[in-house]
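Engineer: The structure is given below, and queries will be raised subsequently.
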Amino acid sequence: MRPFDFQSRTRVVFGEGAIGGLGDLARQLGFRRTLLVADRGLLACGYVEKASKLLIASGVEVIAFHDFAANPDSSMIEAGRNFASSLAIDSIIGLGGGSSMDCAKGINFVLTNGGRIHDYQGYGKAPKPLLPMIGIPTTAGTGSEAQSYALISDVRSHMKMACGDPKAAFRIALLDPCLTVSQPPDVTAATGFDALAHTVETYVTSKRNPISEFFSREAWRLLERNFEGVLAEPKDLEARGAMQLGAYYAGVAIENSMLGATHACANPLTAHYGTTHGVAIAMLLPHVVRWNAVVAESRYQELLQLTASSPSRDHSAESLALRLEQLVKVGGLPLRLSAASIPKKDLPQLAEEASLQWTGRFNPRPLDAHGALEIYECAY
């Protein structure tokens, strides 16, 4: 068995209505004056106001920051630092999807330790303590609430930088499935499929270990069985809760295993064409499974067998790829790059960039530009 070093740095509070305890949880951590990082969509739907009222009622002063977008970049982190630097912030709350939580972590790095976010690319490069944080996901997707990494794009190159440190883990992850009900169906589908991809990728990476495998399996069971249901019945809180918990488990798996070729190939699509991350993942994952099958067939068989409807069902990697394509269709997501208007002439350039992505280093089959091009061409 592979060696590992596992320590859970994040307290998890899960349940319908769990948001109601936010004020008490913040006070338990000593919050007095907190920076609430939430995208403008959360402001529009009333979640920022709700969270602020709960915090204020517990004696916590709230200063909100919204000046960032999906896939936060280095300029947005700098804007957040400039906004907060003179406000005597003693804590940070990330409310929203992965963008809000990554932005919260990124601001924390530069606010407490100085420099640029680029200085923290890699792991363990923050010498000083970071401010305590609470993560409140409103999607079931990235699993950022379970990770000590922030994914931040360089504003010029658009390359994603993974900036990690043990101190960047949220002290508390507050998981309330009620907060995910307001998501439009396309967001539910895209974020949910991203979480599914996390389970599939973490289960086969070169860095996997018994702990990551445990969380990958449990995440797959929850996500694969509830993805269709939550789209059919968006107000089903049992299904919503299963998806949210599954996304969290998949995030823990990432923290202990990392990702692979699917995410490496997805990032350039987002950087160049603004392709929604989960949409890019949906177009690529089935083809990566097929491409990896020469070295990971038995791993994919194990994963599919966990949720197979019949003992006699074929549990091949191809069967897993077909099941993933079925879920893509259920989610109304595109199956092919051509359907997303990705120019075919750009594939070689995209492949070169994919081969440089950090996540590709952990793919079970070594990923280079030639291999990335094969994946893109199969997905086209």
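Engineer: If you plug each phi of the stretch 23-36 into the Karplus form 6.51 cos²θ - 1.76 cosθ + 1.60 with θ = phi - 60°, what whole-Hz ³J(HN,Hα) values come out, in order, with x for Gly and Pro?
Structural biologist: x, 5, 5, 5, 5, 4, 8, x, 5, 10, 9, 10, 8, 9
Engineer: Note down the relative contact order for the stretch 277-380 as a percent, whole number, built from C-alpha pairs under 8 angstrom at least six residues apart.
Structural biologist: Relative contact order, the stretch 277-380: 32 percent.
Engineer: For the pairs K125/K207; K160/K207; K53/K105; K207/K235; K207/K344; K50/K167, note any where the Cα-Cα span goes beyond 31 Å. Provide the component values of the computation, followed by the final result.
Structural biologist: Numbers: K125/K207 21 Å; K160/K207 20 Å; K53/K105 23 Å; K207/K235 37 Å; K207/K344 33 Å; K50/K167 28 Å.
From K125/K207; K160/K207; K53/K105; K207/K235; K207/K344; K50/K167, over 31 Å: K207/K235; K207/K344.
Engineer: What residue among Q28, Q147, Q301 has the largest mean-square fluctuation in a Gaussian network model of the chain, using Cα springs under 10 Å?
Structural biologist: Q28
Engineer: Of all DSSP beta bridges in the stretch 11-179, what percent run antiparallel (nearest 5)?
Structural biologist: 15 percent
Engineer: In addition: Can you list the residues, at least 5 places off or on another chain, whose amide H is less than 5 Å from the amide H of R32, using H built in the peptide plane?
Structural biologist: Amide H neighbours of R32: D90.
Engineer: Further question on the same structure: Can you give me the long-range amide H partners of Y123? Hydrogens built in the peptide plane at 1.01 Å from N, cutoff under 5 Å, separation of 5 or more residues or another chain.
Structural biologist: G164
Engineer: Using each residue's phi in the stretch 4-18, evaluate 6.51 cos²θ - 1.76 cosθ + 1.60 at θ = phi - 60° and report the 3J(HN,Hα) Karplus result to the nearest Hz, with x for Gly and Pro.
Structural biologist: 3J(HN,Hα) across the stretch 4-18, in whole Hz: 7, 9, 10, 9, 7, 9, 10, 6, 10, 10, 10, x, 4, x, 4.
Engineer: Follow-up. Provide the descending list of Cα extents for the stretch 183-379 along its principal axes, expressed in whole angstroms.
Structural biologist: 44, 36, 32
Engineer: Work out from phi, with θ = phi - 60° and the Karplus expression 6.51 cos²θ - 1.76 cosθ + 1.60, the ³J(HN,Hα) of each residue of the stretch 217-234, listed in order in whole Hz, and give x for Gly and Pro.
Structural biologist: Here the 3J(HN,Hα) series is 5, 5, 5, 4, 4, 6, 6, 5, 7, 10, 4, 5, x, 6, 7, 6, 10, x Hz.
Engineer: Then there is this: Count the DSSP beta bridges whose two residues both fall in the chain, then state the antiparallel fraction as a percent rounded to the nearest 5.
Structural biologist: So the antiparallel bridges amount to about 15 percent of the total.
Engineer: Antiparallel versus total DSSP beta bridges in the stretch 114-208: what percent is that, nearest 5?
Structural biologist: Given both bridge residues lie in the stretch 114-208, the antiparallel proportion sits at roughly 55 percent.
Engineer: Okay, moving on. Which value, in Å³ per residue, describes the convex hull spanned by the Cα atoms of the chain?
Structural biologist: It comes to 123 Å³ per residue, whole-number rounded.
Engineer: If contacts are Cα pairs under 8 angstrom and at least 6 residues apart, what is the relative contact order of the stretch 11-179 in percent?
Structural biologist: For the stretch 11-179, the relative contact order is 27 percent.
Engineer: Specify, per residue and in Å³, the volume enclosed by the convex hull of the alpha carbon atoms belonging to the stretch 1-133.
Structural biologist: 138 Å³
Engineer: Give the long-range amide H neighbours of M161: residues separated by 5 or more places, or on another chain, with amide H under 5 Å away, using H modelled in the peptide plane at 1.01 Å from N.
Structural biologist: I152, S153, D154
Engineer: To the nearest Å, what is the center-to-center distance of the stretch 55-70 and the stretch 122-166, using C-alpha atoms only?
Structural biologist: Each part's Cα centre sits 19 Å from the other's.
Only the coordinates and a few stated rules stand behind these numbers; no lab work does. Predicted model only: the values in this text are computed from it and were never measured.
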